[in-house]
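One structure below.
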Amino acid sequence: MYNLERCNKVLELDKVLSMLAGETGMADAARMANELTPSYDRTIVISRLKETADAHSLMARFGAPSFGGAPNVNSLLMRAKAGGILSPSELLQIGETLRVIRTVKDWRQSSDINNETALDCYFEALVPNKFFEEKIFFCIKNDEELSDNASQELFDIRRKISSSVSNIRSRLDKLVKGQSARFLQENIVTQRDGRYVVPVKAEHRGEVAGLVHDTSASGATLFIEPMAVVEINNEIKVLKAKEKAEIERILAELSALAADFADCSVRSYDSLLTLNLIFAKAKLGYRMKASVPELNDKRIVYLKRARHPLIKPADVVPVTVGIGEDYDTLIITGPNTGGKTVTLKTIGLLTLMTMCGLMIPADDGSSVYIFDKVLVDIGDEQSIEQSLSTFSSHMANIINILDVVDNESLVLIDELGSGTDPIEGAALANAILMRLRERDARIAATTHYAELKSYALDTVGVENACCEFDVETLRPTYRLLVGVPGRSNAFAISSRLGLDDEVVERAKGLIDRDDLRLESIIESLEQARSEAEKEREMANRLRSELLAAQNSVKAKIDELELERQKQAERAKAEAMRIVDNARVQTNKLLSELEEMKKHLNASNSSDMVARARRQVKSGLNRMQDDADPIISRSTEEYVLPRPLKVGDDVIIYDINKSAVVLSVDEASNTAMVQAGIIKTKVGIDNLRLSEKKEKAPKRERAVRGVASRVERTATTEVDLRGMASDEAIMELDKYIDNAVMCGIPSITIIHGKGTGVLRKNVQQHLRTHKNIRTFRLGVFGEGENGVTIAELKS
């Protein structure tokens, strides 16, 4: 009869369960983890996986609850229920378990309780008892001692004991420090049988009146209780007895409370254990970067980028493998230590983990079927005791498998038919596969036999696979290639290692032509697969690059659209403000005109008309200023290169308007200029000579024009706030060029704080700019991280 427990051990499920036990926080939960067995009931497996998935989701959102090593107190509670009195340490254990129950319950209450989960029934079964929990910790100080405040009676008794002890010590201290000190062996106060005594020299027994309680081993010292403290010692003895009785009463009271809540606490503890195990499964899933597999009803096992959980993550090579969809049998070939056995174990182990309700170390999209039997023959089980060779051991196991296999079985066989004559072994392997397929099982087997490769090529429903081997490095890559039969690579490896080519060629000549033809076909398939894989990788890379470019363009379009909307909103708000202001000004003018109309008469008609005209003109000017505001620029230090003369082209600096000088009044430091059709008097310090020169050579005009622009616009700071990144970079480049031509050593770039996107782009641009030596963020007083200070190259 086939032993399913042996199958679990061969696939190393016990080691995974040991890892699971390490994620628990309670000793009983660790024991449950180690004793967990796969379920062959689909309904139970679905329930287990749902619990694990919900725990995984809760942990992702709220972190894991702390189970704090809550001890098993069920036996203590039952003893209390039977009338037993619990010790302080036992009551503290109950208090600790109650504390964990309450904190786990509170954790669930603080998470999203509106979102129902498969764990809610366990959380609802947790019944905190904060009253009893706090009473235990209030009354009991430690494992051996009760708190003085456990009861008023205990407090009073201990206060009296303390007072009596102080009285005794005071009297005995006077004795050991007084005239009687010469009769003492040592000047100390000690205890015998709970009574305070002093050590008296035996020869001075009569000098100290009192009761002898003990003698030293040599007989030289007598421990005497002086008569002066006998009565007080008697009082302490009585108080100690009362203290003991009160402590027993308090412990009995607490034990009775424990008995009252025993059944409820036991149920809570059992639910706590279950929750601890479920969250341990979720923690193990996080540790293995695992996912919850889908369950199918088509007898399909599909594992996407599966990793064996017992191999170090840095060393494991993911494999994608499936059985049951396009084929029911997978024949895996390849070199030894190439990963064939690991692939078999991964298929079996991840199937068993799913049946245990565990997440599996494979990517999303993996799918598993719940088989009635997982039948395995892996490993060398040679038995000297039973006189079984390796071949006999394997064959005995396969016979057991053939006895129980059916269409609800997953069969995994390593090195099928090995350990005997190759011809007979290959024939047996073929026959065994045929029998297993007749039973409609799902099969994965490893082999070195070429006959099985041919069988897979010729038989519908049987597929070849191989573990890739790099002939150049003479090392396996551990990659599983489905659809490609493995090559022995013996000739290639021998040649790479230096075997004489003549020997290799002679060996090839000794191989059957059919075998050579098969190897040639396999080699052609391998080359075609390799080329297809390279093309697929290139296509994937190009697709990724195209997707990245599309995302970048989309992000830029979204950024521009957002900026457009902002500009439109600002323009709309400004337009509304101008319209509202114009409406107010118009209403005001109309009101003033109505008021003037009331006061109009023959004597003042001309004055009223002139006044009305002035007010209308003034109001219209204000509305025009609101609709088309002229923003004056702050003055800066500027010296005219020469005195102005009639006909000079100038710029009125504060309004940035071009004009022509009509006359100059040096006495009042003003000049009459004409800007368009308007003539006006302007202060000379508000005028700048224009770039226009009479007839300078073309190159000279260009140079002077640049110099004039630099002189006019270059300052020590530039404000980029409100600009899009591309616009800001262009403005910054123009500003840096002007600053370099002016010889400015350092500049301040104002980009604002905001989201930091503009600051990041500006600083990224500065890193590669040819005219920037260094740059830094501003400090306190400079604008902090709202500005960047850059030093220009000289």
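The values are calculated or read from the model by the stated rules, or taken from the named source; none is laboratory data. What you are looking at is a predicted structure, and each value in this text was computed from that prediction instead of being measured. All Cβ positions, even for glycine, are placed from backbone atoms using ideal geometry, and neighbour counts span all protein chains on display. Each accessible area value is taken on the protein alone, full model and side chains, heavy atoms only, with ligands, DNA and RNA left out. Shrake-Rupley method; radii C 1.70, N 1.55, O 1.52, S 1.80 Å.
Could you grab me the full set of residues in the range 268-313 that are in contact with a helix residue (DSSP H, G or I) (Cβ under 6 Å, 6 or more places away or on another chain) and of a type in the set (Lys, Arg)?
If the condition is that a residue be in contact with a helix residue (DSSP H, G or I) (Cβ under 6 Å, 6 or more places away or on another chain) and of a type in the set (Lys, Arg), then Lys281 is the only one that fits.
Within the range 264-308, how many residues are farther than 26 Å from Ala441 by Cα and assigned to a loop (DSSP other than H, G, I, E, B)?
Residues in the range 264-308 being farther than 26 Å from Ala441 by Cα and assigned to a loop (DSSP other than H, G, I, E, B): 3 in total.
In the range 432-452, which residues are surrounded by fewer than 23 Cβ atoms within 10 Å (Cβ to Cβ) and at pLDDT below 90?
His448, Tyr449, Ala450, Glu451
In the range 207-222, what residues are modelled with pLDDT of 75 or more and not hydrophobic (A, V, I, L, M, F, W, C)?
Gly210, His213, Asp214, Thr215, Ser216, Ser218, Gly219, Thr221
Of all residues in the range 215-230, count the ones that are open to solvent by less than 60 Å² (accessible area, probe 1.4 Å) and in a strand (DSSP E or B).
Selection size over the range 215-230: 6.
Among the listed residues Ser111, Ser164, identify the single one that is touching a helix residue (DSSP H, G or I) at 6+ places or on another chain (Cβ under 6 Å), under 30 Å from Cys264 (Cα atoms) and of a type in the set (Ser, Thr, Tyr). Show your work before the answer.
Values: Ser164 fails: under 30 Å from Cys264 (Cα atoms).
One residue alone meets the criteria, Ser111.
What's the number of the only condition in (1) modelled with pLDDT of 90 or more; (2) open to solvent by less than 70 Å² (accessible area, probe 1.4 Å); (3) assigned to a helix (DSSP H, G or I); (4) among the hydrophobic types (A, V, I, L, M, F, W, C) that Leu36 fails to meet?
It is condition (3) that Leu36 fails.
Exactly one condition in (1) open to solvent by less than 80 Å² (accessible area, probe 1.4 Å); (2) over 19 Å from Leu777 (Cα atoms) is false for Met730; which is it?
(1)
Take the residues in the range 110-127 that are assigned to a loop (DSSP other than H, G, I, E, B) and either touching a Pro at 6+ places or on another chain (Cβ under 8 Å) or among the polar types (S, T, N, Q) (or both), then tell me which one is surrounded by the fewest Cβ atoms within 10 Å (Cβ to Cβ).
From the range 110-127, those assigned to a loop (DSSP other than H, G, I, E, B) are 111-119, 126-127; that's our starting set.
Of the ones still in play, those that are also either touching a Pro at 6+ places or on another chain (Cβ under 8 Å) or among the polar types (S, T, N, Q) (or both) are 111, 114-115, 117.
Details: Ser111: 16, Asn114: 5, Asn115: 11, Thr117: 19.
Among those that are assigned to a loop (DSSP other than H, G, I, E, B) and either touching a Pro at 6+ places or on another chain (Cβ under 8 Å) or among the polar types (S, T, N, Q) (or both), it is Asn114.
Would the range 231-253 turn up any residue that is of a type in the set (S, T, N, Q), in contact with a helix residue (DSSP H, G or I) (Cβ under 6 Å, 6 or more places away or on another chain) and surrounded by 15 or more Cβ atoms within 10 Å (Cβ to Cβ)?
Looking through the range 231-253, none of the residues is of a type in the set (S, T, N, Q), in contact with a helix residue (DSSP H, G or I) (Cβ under 6 Å, 6 or more places away or on another chain) and surrounded by 15 or more Cβ atoms within 10 Å (Cβ to Cβ).
If the requirement is being under 30 Å from Ala314 (Cα atoms) and not hydrophobic (A, V, I, L, M, F, W, C), which of these qualifies: Lys237, Lys289?
Details: Lys237 fails: under 30 Å from Ala314 (Cα atoms).
Lys289 is the lone residue from the list that is under 30 Å from Ala314 (Cα atoms) and not hydrophobic (A, V, I, L, M, F, W, C).
If you take the residues of the range 128-147 that are open to solvent by 30 Å² or more (accessible area, probe 1.4 Å) and assigned to a helix (DSSP H, G or I), which of them is farthest from Asn74 (Cα to Cα)? Steps first, please.
Residues of the range 128-147 that are open to solvent by 30 Å² or more (accessible area, probe 1.4 Å), as a first pass: 128, 130-131, 134-135, 137-138, 141-145.
Pick out the ones that are also assigned to a helix (DSSP H, G or I) and you get 130-131, 134-135, 137-138.
Working: Lys130: 18, Phe131: 19, Glu134: 19, Lys135: 19, Phe137: 19, Phe138: 22 Å.
The qualifying residue farthest from Asn74 (Cα to Cα) is Phe138.
Confirm whether Leu349 is closer than 13 Å to Leu303 by Cβ, within 32 Å of the chain's Cα centre (by Cα) and surrounded by 24 or more Cβ atoms within 10 Å (Cβ to Cβ).
Yes: the conditions hold for Leu349.
Quick one: which residue in Glu225, Glu243, Glu231, Glu203 is modelled with pLDDT under 85 and touching a Leu at 6+ places or on another chain (Cβ under 8 Å)?
The match here is Glu225.
Find all pairs meeting these conditions: Cβ atoms under 7 angstrom apart; at least six residues apart or on different chains; first residue within the range 154-179 and without any contact (Cβ under 8 Å) to a residue 12 or more places away in the chain; second residue of a type outside the set (S, T, N, Q).
Here the result reads Phe155/Asp148, each pair linking the range 154-179 to a residue that is of a type outside the set (S, T, N, Q).
What number of residues in the range 734-758 are closer than 28 Å to Lys556 by Cα and open to solvent by 60 Å² or more (accessible area, probe 1.4 Å)?
Counting residues in the range 734-758 that are closer than 28 Å to Lys556 by Cα and open to solvent by 60 Å² or more (accessible area, probe 1.4 Å) gives 6.
Going by the structure shown, is Lys566 basic (Lys, Arg) and either in contact with a helix residue (DSSP H, G or I) (Cβ under 6 Å, 6 or more places away or on another chain) or within 21 Å of Ser725 (Cα to Cα) (or both)?
Values: basic (Lys, Arg): yes; either in contact with a helix residue (DSSP H, G or I) (Cβ under 6 Å, 6 or more places away or on another chain) or within 21 Å of Ser725 (Cα to Cα) (or both): yes.
For Lys566, the condition - basic (Lys, Arg) and either in contact with a helix residue (DSSP H, G or I) (Cβ under 6 Å, 6 or more places away or on another chain) or within 21 Å of Ser725 (Cα to Cα) (or both) - is met.
Go through the residues of the range 198-208 one by one and say whether even a single one is small (Gly, Ala, Ser), assigned to a helix (DSSP H, G or I) and touching a Lys or Arg at 6+ places or on another chain (Cβ under 6 Å).
No: the range 198-208 contains no residue that is small (Gly, Ala, Ser), assigned to a helix (DSSP H, G or I) and touching a Lys or Arg at 6+ places or on another chain (Cβ under 6 Å).
Could you list, in sequence order, all residues of the range 61-78 that are open to solvent by 40 Å² or more (accessible area, probe 1.4 Å) and touching a residue at least 60 places away in the same chain (Cβ under 8 Å)?
Ala64, Asn72, Met78, listed by residue number.
So if I check each of Thr97, Thr24, which one is buried (at least 22 other Cβ atoms within 10 Å of the Cβ), at pLDDT 90 or above and in a loop (DSSP other than H, G, I, E, B)?
Numbers: Thr97 fails: in a loop (DSSP other than H, G, I, E, B).
It is Thr24.
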